[in-house]
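I have placed the structure first, in the form of structure tokens, so that the comments after it can refer back to it.
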Amino acid sequence: MSVNRKFTGSNGRMPLNSKSGKSNEASNESNSSLRKCKKKKPFFVWGFLGVVALGIVWFFISSHSDSFMLRKEKRLGDCEERARILLQRHNISKKQLHAFVSFFSVSDQILSQCIDERRVQKLLSSDLGNNLQMIFSENREFHKEHTGVTGQFELMEQCPVLNDSVQRNLESLLLMEKTVSLAPYSAIMSNFVKNLLHGKNIVQSWVLELVAIQGYLTLCIGYWWILVVITICCRLAGFPLFWNQKLVSQPKQSQHSAGQNPKGAGSWRKKLLVTFVLLGIVGSVWLFWHLNNDIMRRRKEMLTNMCDERARMLQDQFNVSMNHVHALAILVSTFHHSKHPSAIDQKTFGEYTERTSFERPLTSGVAYALKVLHSDREHFEKQHGWTIKKMEAENETLVQDCIPENLNPAPIQDEYAPVIFAQETVSHIVSIDMMSGKEDRENILRARATGKGVLTSPFKLLKSSHLGVVLTFAVYNANFPPNATPEQRIEATVGYLGASYDVPSLVDKLLHQLASKQTIVVNVYDTTNASAPIKMYGTDVIDTGLLHISNVDFGDPTRKHEMHCRFKHKPPLPWTAINASVGVLVITLLLGHIFYAAISRIAKVEDDYREMRELKVRAEAADVAKSQFLATVSHEIRTPMNGVLGMLQMLMDTELDESQMDCAQTAHKSGKDLISVINEVLDQAKIEAGKLELEAVEFDPRSILDEVLSLFSGKSNEKRIELAVYVSKRVPAVVIGDPKRFRQIITNLVGNSLKFTHDKGHVFVSVHMANEVESPLHDMDVVLSQGFRDMSDITYNTLSGIPVVNRWKSWANFKKLSSMNLMDESGVIQLLVTVEDTGIGIPLEAQHRIFTPFMQADSSTSRTYGGTGIGLSIGKCLVDLMRGEIGFVSEPEIGSTFSFSATFRMPKASHQDTKRQQCNPFVSECKGLRALVVDRRKIRAEVTRYYLQRLGMSVDVAYSLNSAYSYLSGSSNKRISQQLEMIVIDKDALDKESSLLYVIKKQRQNDIKRDPKSFPKIFLLANNNLSPDEHGELKSVGVVDGILMKPLWFSILIRSYREALGSEKKQIIRQKEPNLGNLLRQKHILVVDDNAVNRKVAEGVLRRYGAKVTCVEGGRAALKILMPPHSFDACFMDLQMPEMDGFEVTRQIRCLEKEFNEKIARGEASTEMFGNVAHWHMPILAMTADATQASIEECDRCGMDDYVLKPFEEEQLYKAVARCFGSG
Amino acid sequence: MTMDVLQLQRQLRELQASMHQEGFIDDQFTQLQRLQDDSSPDFVKEVVTMYFDDSEKLIDNMKKILTQAPVDFKQVDAYVHQYKGSSASIGAARIKNICMKFRNCCENQDHEGCWRLLQQLQNEYSALKGHLMYLFRLEQELRSAGVKIPSLE
């Protein structure tokens, strides 16, 4: 069972958790359950893998879509942001216009006459004209691009491009809308902008979805690839499994290769596994790296985008602001210097700047300083009523809390730049000389040389403690050439306009306007001096990894500014990458584990298989050794045992007193039992070793059954069990087969039946032709149809009246019985033998192992009943050898019926009748006589009839004495009753109706008077339970003529009958012996044998029977002698001879005979010469030691007539010779 | 019947029984004895003498072949077969059995086994010869005493 279990294990995918640690009982169950789950296993594995893969796909999609959503939101946020900025700028522009209007209104109040159309136009054109001109061209462009955009919506593949172009469009539009707000198109434009923005949003969302879908697809494809790879791996791993199974199924053919290949396959599998696991690990690491990089890249991009955006905006805003300051400078130049008298005084300037401070939201204040040469200082001071003051060296410019009066007058210099106008916020710096501050002086000098806005390096604004920069513009006089050299510029300079910028608030404001300001930290540096950058904005730097630097151009080429952006927080752990890679790793390891388990399981199974095979070989060797041992030992025991028995027999022949005799008999009997046991064991061993060969000789099955009956009659009488034999009429008188083995089977079965039947009931052996089973019911043998009757009849119509099991079931499972068409093989018959008992039956649980050697129903059986338990097993083997089947049906407490079929050959028809006549000479005496059987039980009556019919009598049956009487006395039957030779009455019938017997007797006696010859003998068929008293009584009364003791068998019937008739029984026996002599007397016989001793013995034996014997010692001599014509009547030929064996000699003899016969036919040889023989055919009998089927067939082939066993056995010799001379 | 004769008869019976018992002879020998009647009073002796001659010749032959360098097992087998046949014919059961083993050895080309069995054959043969010679002597004595040899039947 364990072998079985392990082998089934190797069949499928390895069950992981079915270790052999289970108990033996459990293994039985696990076996079946394993077998069940074996088929489900692949589905289970695939299901599991599918779920895992789906889970991972879902995880990726969700995480990706999360990030997509985030990005989308961000984009949307950006959009909104831009829109807001756009709006702001627009507002600023609006405000600017407002400021202009107000400026005009203010100016009108003072100098309305001074402002003519031309100036206004000039002013406007300097600032806005260009813009207005651009509107129309851009507008047209926009129209074009817009149609382009709608076209592009349909081409989703170009989405990134589209996105870019949309962005560009938007950017151009930003500018456009700003300017367009003045124009009548503004409403339409803003609609377009809105539409475009909306469109962009839609496109963006579509693009995002597209990207997401692409992501899905790539992921899905990726995972399906993984699944495909896994499938292939599984296939590869599975393939050797199936291969191994094939190996298992043909272990003998590839025993050698099977020993090596699995090992190779195993290491191959292990390499594959390691490769797979390594690949999985590398793959997961790569995945992690790839995803992490992706995340980093995206982060970096985001930072870059944000930083650049911020830098640009800062720059823009600053530039806008600077433009305003520039405009102010031009304003001052226009209204202060070009006008005489000046249209601007401190009050006007203060008011104007105050009112337009909204358009310079980043400046803390503006001031205008006049260029004053030292020569003009006095004039200037006088004109303004204050002295030019010197700026405190330390507290640079625009110091609000310093009081100008406290300041010292400016030291004498070449020129001065005293502030004449200032915004209200910085009005305190009026009169301070800007040239006296070092930074400012440089600023002023640079500004007037370049004509552009110039920035100072950042410094601390006193009041706000913020860092600030000062922007300085030079104001030139009106007739200033547009492409002037720096010297001309310096020359044309009339004053300087300064504006202080509060950088931190500038940046703050800007950042406030932007979304996601929480995520990044912005620092702005002045990097004019690259080695020592000055921080203009931002908190202390905390290194959070990524840093992006954007250059910021504030319009002053000599100053460099940079914006440093950092994420506020360190990058979070890349969970997506970690999860994905860990997932892949886990899957890999799981699969690896599964494969590893499978591989180790395979290896284990292979090892087990090898071990099992080894064990099997050893077990087989042990089995062979056992058989040999048994055979040897049995043989060795049998030989001395024969001696013991022979001695005991001799001992019993001597004069012994009673107790001695008893001892000797007991010893003899025990010895015989021992011999029979040994014979059984020897048989078993022989069968197992395949050495048992069946003989093929002619025999009478009925006589075999008689022998069996005689063997067991004593025992059955002892146990008071009825024992009967019935042979169907259709069974032929002679068949060819192995009578000893046939008898052995029946003996075994009957012996068993008797052993297990106690005190009541019967053992009934019946023999039928196998094809009788198929004959219709009305035509069926009475005994055979018993089973059918039983089903309908409640009264048990059996031999003893005790219920039995249905015999039909015992051969229900026979395959050949029903299917074999006997017509196919001519000369082959199959007999069906049934042994029925009313014993204790076989327990149901033991029925399956009944035919196993050394197994009895249970261990108590051997104690109670003894026996080795191999009888049935031998029986089964023998039945198999006879090409038959054996089966049984048994019910506890009711009994058992064993059936077996056996195949025999039919002899040639000519032999049968003669032989039977010769064997049973008594039969002729009884032939044609009539008998009446009186028996209540039909089956028993049939059995009795069977025996009487064997004697050649015709038999009638009466089922009661009454009916017998009426049968006898019936007038119509008078004639028949007169022929009646004997009446056989069963004891049972007598007991019931004994009075009738006397009536019959009386009538008989009456009849005697008439004709004593026809007086029918009355026999009582008595059971063994007839007491001697009854016996005597019945006899003395003279009612019965004889008592037949059951069980009946042929010879006992004859003996009884003869006793009753008073005839001499010796006559028959004596008749037989000279038969052989009669046959052989005066026959001239040639013995051919190379062995002198054998020759001598054969000669002796044959001579004893009266034959004239000539011996030759070889084939050639025999050929010489047997050259026709010759005078030999028969030839006994040894088969194995040197030079020429018996077969060859026979062939040649037959050849010679043929030639000679042809000669005779042609008339070339005279037939008269030797006894008028017209046709020469010398009977040749083979002498052989072993009458096996093969050698007998060989004999037949080469033209031998028959064979005799060597050393000669009288019976067999007689039979062979009789056949020979009988037919010849 | 004198005591002598009785004694001889007893001895003869015992001898035959012991030979049976030890398996020297089997029923076939008894059969042979039965063949012996007035027409051929020395039948058994004749046969057995032939057997002895045959045996010695065969054993000699076997020995010769077994001492030759390339042993012709086929030839040995043929001899053994012959010996087995004649042994079976006279009912020399033990020799017959050894012959059966011998043939197996020949089949397996077991040189050593053949030698061993040949030794056994020789031993058995001389034992059997001794027994039978004794038997014949007893019979001879009985016959000379005018007693008919009792049939074992």
**Fill in**
A:Ser505: passes all of (1) outside any loop (DSSP other than H, G, I, E, B); (2) out of contact with any helix residue (DSSP H, G or I) (no Cβ under 8 Å at 6 or more places or on another chain); (3) farther than 30 Å from A:Tyr368 by Cβ; (4) not basic (Lys, Arg) but (3)
**Item:** segment B:17-55 - residue that is in contact with a Leu (Cβ under 7 Å, 6 or more places away or on another chain) and more than 7 Å from chain A (Cβ to nearest Cβ) and, of those, surrounded by the fewest Cβ atoms within 10 Å (Cβ to Cβ)
**Value:** B:Thr30
**Item:** Any hit, segment A:1140-1161, residues being of a type in the set (S, T, N, Q), touching a helix residue (DSSP H, G or I) at 6+ places or on another chain (Cβ under 9 Å), under 30 Å from A:Lys691 (Cβ atoms) and at pLDDT 85 or above
**Value:** yes
**Fill in**
Output for Cβ contacts, cut-off 7 Å, separation at least six or different chains, first residue on the phi > 0 side of the Ramachandran plot in segment A:1091-1112, second surrounded by fewer than 19 Cβ atoms within 10 Å (Cβ to Cβ), reads A:Gly1106/A:Gly1077; A:Gly1106/A:Arg1081; A:Gly1106/A:Gln1082
**Message:** Looking at segment A:797-809, I want the residues that are modelled with pLDDT of 75 or more and in a loop (DSSP other than H, G, I, E, B) and have a partner that is among the charged types (D, E, K, R) and surrounded by 18 or more Cβ atoms within 10 Å (Cβ to Cβ) with Cβ atoms under 6 Å, at least 6 apart or on another chain. Which pairs are those?
**Reply:** A:Val804/A:Glu836; A:Asn806/A:Asp790
**Asked** From the list A:Leu1080, A:Leu1086, A:Leu1044, which one is at pLDDT 80 or above and either touching a helix residue (DSSP H, G or I) at 6+ places or on another chain (Cβ under 8 Å) or surrounded by 15 or more Cβ atoms within 10 Å (Cβ to Cβ) (or both)?
**Response** A:Leu1086
**Request:** Quick one: B:Ile59 ticks every box in (1) in a helix (DSSP H, G or I); (2) more than 9 Å from chain A (Cβ to nearest Cβ); (3) under 15 Å from B:Phe136 (Cα atoms) except a single one, so which number is it?
**Result:** (3)
**Asked** Consider B:Val5 against the criteria (1) part of a helix (DSSP H, G or I); (2) within 11 Å of chain A (Cβ to nearest Cβ): it satisfies all of them except one. Which criterion is unmet?
**Response** (2)
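Conditions (1) more than 30 Å from A:Ala530 (Cβ to Cβ); (2) within 14 Å of another protein chain (Cβ to nearest Cβ); (3) not basic (Lys, Arg), marked per residue:
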{"residue": "A:Thr576", "(1), (2), (3)": "yes, no, yes"}
{"residue": "A:Asn579", "(1), (2), (3)": "yes, no, yes"}
{"residue": "A:Val586", "(1), (2), (3)": "yes, no, yes"}
{"residue": "A:Arg601", "(1), (2), (3)": "yes, no, no"}
{"residue": "A:Asn642", "(1), (2), (3)": "yes, yes, yes"}
**Per-region count, segment A:479-511, residues in contact with a His (Cβ under 8 Å, 6 or more places away or on another chain), modelled with pLDDT under 80 and more than 10 Å from A:Leu362 (Cβ to Cβ)** = 1
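Yes or no, residue by residue, for (1) within 14 Å of another protein chain (Cβ to nearest Cβ); (2) more than 24 Å from B:Glu14 (Cα to Cα); (3) not acidic (Asp, Glu):
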residue: A:Gln649; (1), (2), (3): yes, no, yes
residue: A:Glu655; (1), (2), (3): yes, no, no
residue: A:Asp662; (1), (2), (3): no, no, no
residue: A:Ile678; (1), (2), (3): no, yes, yes
residue: A:Asp683; (1), (2), (3): no, yes, no
residue: A:Glu693; (1), (2), (3): no, yes, no
**Prompt:** Looking at (1) loosely packed, with under 14 Cβ neighbours inside 10 Å; (2) more than 14 Å from chain B (Cβ to nearest Cβ); (3) modelled with pLDDT under 75, which is the only condition A:Val1173 fails?
**Reply:** (1)
**Request:** Considering only residues that are over 8 Å from A:Val1088 (Cβ atoms) and not aliphatic (A, V, I, L, M), look in segment A:1114-1125 and name the one that is nearest to the chain's Cα centre (by Cα).
**Result:** A:Arg1116
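Going through A:Glu722, A:Glu698, A:Glu693 one at a time, which residue ends up being touching a strand residue (DSSP E or B) at 6+ places or on another chain (Cβ under 7 Å) and surrounded by fewer than 19 Cβ atoms within 10 Å (Cβ to Cβ)? First the steps, then the outcome.
Numbers: A:Glu722 fails: surrounded by fewer than 19 Cβ atoms within 10 Å (Cβ to Cβ); A:Glu698 fails: surrounded by fewer than 19 Cβ atoms within 10 Å (Cβ to Cβ).
When all the criteria are applied, what remains is A:Glu693.
I need the full set of residues from segment A:1078-1093 which are within 14 Å of chain B (Cβ to nearest Cβ) and of a type in the set (D, E, K, R), in order please.
Of all residues in segment A:1078-1093, those within 14 Å of chain B (Cβ to nearest Cβ) come to A:1080-1081, A:1087-1093.
Result: A:Arg1081, A:Asp1089, A:Asp1090.
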**Asked** Are any residues in segment A:1107-1138 of a type in the set (Gly, Ala, Ser), away from every other protein chain (no Cβ under 13 Å) and over 22 Å from B:Lys84 (Cα atoms), and if so, which ones?
**Response** A:Ala1117, A:Ala1118, A:Ser1127, A:Ala1130
**Message:** Among (1) under 30 Å from B:Glu139 (Cβ atoms); (2) of a type in the set (A, V, I, L, M); (3) surrounded by fewer than 21 Cβ atoms within 10 Å (Cβ to Cβ), there is one condition B:Ile65 misses while meeting the rest; what is its number?
**Reply:** (1)
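Residue by residue, here is whether (1) among the basic types (Lys, Arg); (2) within 17 Å of A:Thr798 (Cβ to Cβ); (3) at pLDDT 80 or above; (4) crowded, with 16+ Cβ neighbours inside 10 Å holds:
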{"position": "A:Val734", "(1), (2), (3), (4)": "no, no, yes, yes"}
{"position": "A:Gly737", "(1), (2), (3), (4)": "no, no, yes, yes"}
{"position": "A:Gly751", "(1), (2), (3), (4)": "no, no, yes, yes"}
{"position": "A:Gly761", "(1), (2), (3), (4)": "no, yes, yes, yes"}
{"position": "A:Glu774", "(1), (2), (3), (4)": "no, no, no, no"}
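Quick one: is A:Trp268 part of a helix (DSSP H, G or I) and at pLDDT 90 or above? Break it down into steps so the answer makes sense when it comes.
Details: part of a helix (DSSP H, G or I): yes; at pLDDT 90 or above: no.
Criteria not met by A:Trp268.
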**Item:** All positions within segment B:75-131 that are within 13 Å of another protein chain (Cβ to nearest Cβ) and small (Gly, Ala, Ser)
**Value:** B:Ala78, B:Gly85, B:Ser86, B:Ser87, B:Ala88, B:Ser89, B:Gly91, B:Ala92, B:Ala93
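The values are calculated or read from the model by the stated rules, or taken from the named source; none is laboratory data. Here the structure is a predicted model, which means the values were calculated and not measured. So basically every Cβ, Gly included, is an ideal-geometry build from the backbone, and we count neighbours across all protein chains shown.
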